[in-house]
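Below: one structure, written as structure tokens.
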Amino acid sequence: MEATDMDVEEQPRSSLNPNSCKRFGLKNSIQTNFGDDYVFQIVPKEDWTAMAVSLSTNAVKLYSPVTGQYYGECRGHSATINHISCSGASAPHVLHSCSSDGTIRAWDTRSFQQVSCISAGDSQEVFSFSFGGSTDNLLAAGCKSQIIFWDWRNKRQVACLEDSHVDDVTQVHFVPDHQSKLVSASVDGLICIFDTDGEINDDDHLESVINVGTSIGKVGFLGERYQKLWCLTNIETLSVWDLEGAKTEASFQDARSLASDSWALDQIDYFVDCHYSEEAKRLWVIGGTNAGTLGYFPVNYNGVATIGSPEAVLEGGHAGIVRSVLPMSSMQGGLPQNQGIFGWTGGEDGRLCCWLSDDSPQINSSWISSALIMKSPTTRKKSRHHPY
């Protein structure tokens, strides 16, 4: 990892209310390759001893989430990697990835070698996958317009749902705490909820359908017992749904405008993801600018639906669109933070950026830009910091 000294000049910032917004300093920045590669996704191992980073070079690299140390890479896919996920405690050293080459591969994160491969077919693309089922034996994958199920223990295909979607299935997720239920989302604008117990088929196992009305990019769960779903579309709208009744609870067709109006920085051009805190029972939508600035905007989906002023701003680390945000384990009642580290971000500039809380004891030995830290408007000085 290359590192250089950085000049720091503290200046007043009047564009945001310091009482309502927490700013985070750039701890370090890693260039993942010396080329035009993108960072697609960042995911942690369950024990946080490593984080996996998928790149547009069709490889997955592993780093330390605490120090940024590079561990190695998993290479084998021949097309774009669309989704990665680390296994749980039962297989702590296994990383899974799926790709437009039509495969789902498993890797040993100690040797970086492939240990298994499941193919959805030569003409298929796999956009998303999820492990679950009532006996925890199912692997579901979202493909072109199909959802394919395997028994991951013997790699045998057990079902293929072909009638529920008519376009690329971009998301499949088994519902936490309801492992027999699967949620799928597609470019066709539909979210489908399936019961995967028994012999799985389109006719008997489709429980409900939500029509979002436009191409769906990402979905995730929130609320008590994960009975609600947030949905981000490819035209940057946001909605929150009740899974039980398949009813909308909040809809933000102008989400970008609402977020842009809540701060005085550049207009929000896209949304990266949503973050839900179980402890605080709060939802944030993470918006970004084409220049690489990010904001954590609180979403009120109960009663009057609103998107509030950002409660965290990450600015100065990226020089392009941000594709992934990995928040560290959540603080009680608030935004994510661990050991002073807020989290990691990756984007189309090929950079991995680590963000540090401005009240961390490590702050004096970290990379800092004063534009990221809210200081007294009366202070102005110049100093130098060195990465450790």
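A compact table of results
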quantity: Residue match in region 132-151 (condition: in a strand (DSSP E or B), within 29 Å of Ser64 (Cα to Cα), open to solvent by 20 Å² or more (accessible area, probe 1.4 Å) and of a type in the set (A, V, I, L, M)); calculated: no
quantity: Count - residues of region 61-96 that are surrounded by fewer than 21 Cβ atoms within 10 Å (Cβ to Cβ) and assigned to a loop (DSSP other than H, G, I, E, B); calculated: 16
quantity: Candidate set: region 213-232, residues that are touching a Ser or Thr at 6+ places or on another chain (Cβ under 7 Å) and crowded, with 21+ Cβ neighbours inside 10 Å; chosen: the one nearest to His275 (Cα to Cα); calculated: Cys231
quantity: Candidate set: region 32-55, residues that are modelled with pLDDT of 90 or more and of a type in the set (Val, Ile, Thr); chosen: the one most open to solvent (accessible area, probe 1.4 Å); calculated: Thr49
quantity: Pair list, Cβ < 6 Å and 6+ apart or interchain, from region 173-191 residues that are of a type in the set (Phe, Trp, Tyr) to residues that are in a strand (DSSP E or B); calculated: Phe174/Ser130; Phe174/Gly132; Phe174/Leu182
quantity: Filter pass, Lys155 being open to solvent by 60 Å² or more (accessible area, probe 1.4 Å) and either more than 28 Å from Asn302 (Cβ to Cβ) or of a type in the set (Ser, Thr, Tyr) (or both); calculated: yes
quantity: Looking only at region 97-121, and only at residues there that are in a loop (DSSP other than H, G, I, E, B) and under 18 Å from Val169 (Cα atoms), the one that is least open to solvent (accessible area, probe 1.4 Å); calculated: Gly102
quantity: Selection status of Glu315, touching a helix residue (DSSP H, G or I) at 6+ places or on another chain (Cβ under 6 Å), modelled with pLDDT of 70 or more and under 23 Å from Met51 (Cα atoms); calculated: yes
quantity: Odd one out for Asn300 among (1) buried (at least 23 other Cβ atoms within 10 Å of the Cβ); (2) farther than 24 Å from Lys27 by Cα; calculated: (1)
quantity: Out of Gln124, Gln179, sole residue that is of a type in the set (S, T, N, Q), open to solvent by 30 Å² or more (accessible area, probe 1.4 Å) and either under 17 Å from Gly102 (Cα atoms) or not in a loop (DSSP other than H, G, I, E, B) (or both); calculated: Gln179
quantity: Region 273-289, subset free of Cβ contacts under 8 Å to residues at least 60 places away in the same chain, out of contact with any helix residue (DSSP H, G or I) (no Cβ under 8 Å at 6 or more places or on another chain) and assigned to a strand (DSSP E or B), residue farthest from Phe252 (Cα to Cα); calculated: Ser277
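Residues checked against (1) at pLDDT 95 or above; (2) aromatic (Phe, Trp, Tyr); (3) open to solvent by 20 Å² or more (accessible area, probe 1.4 Å); (4) closer than 30 Å to Ile193 by Cα:
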residue	(1), (2), (3), (4)
Arg282	no, no, yes, yes
Gly340	no, no, no, no
Cys354	no, no, no, no
Ser357	no, no, no, no
Ile363	no, no, yes, no
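The values are calculated or read from the model by the stated rules, or taken from the named source; none is laboratory data. Since the structure is predicted, the reported quantities are computational estimates derived from the model, not experimental observations. Heads up, the Cβs are rebuilt from the backbone with ideal geometry, glycines too, and the neighbour counts pull from every protein chain shown. These area figures cover heavy atoms from the full protein model, side chains too; ligands, DNA and RNA do not enter into them. Shrake-Rupley method; radii C 1.70, N 1.55, O 1.52, S 1.80 Å.
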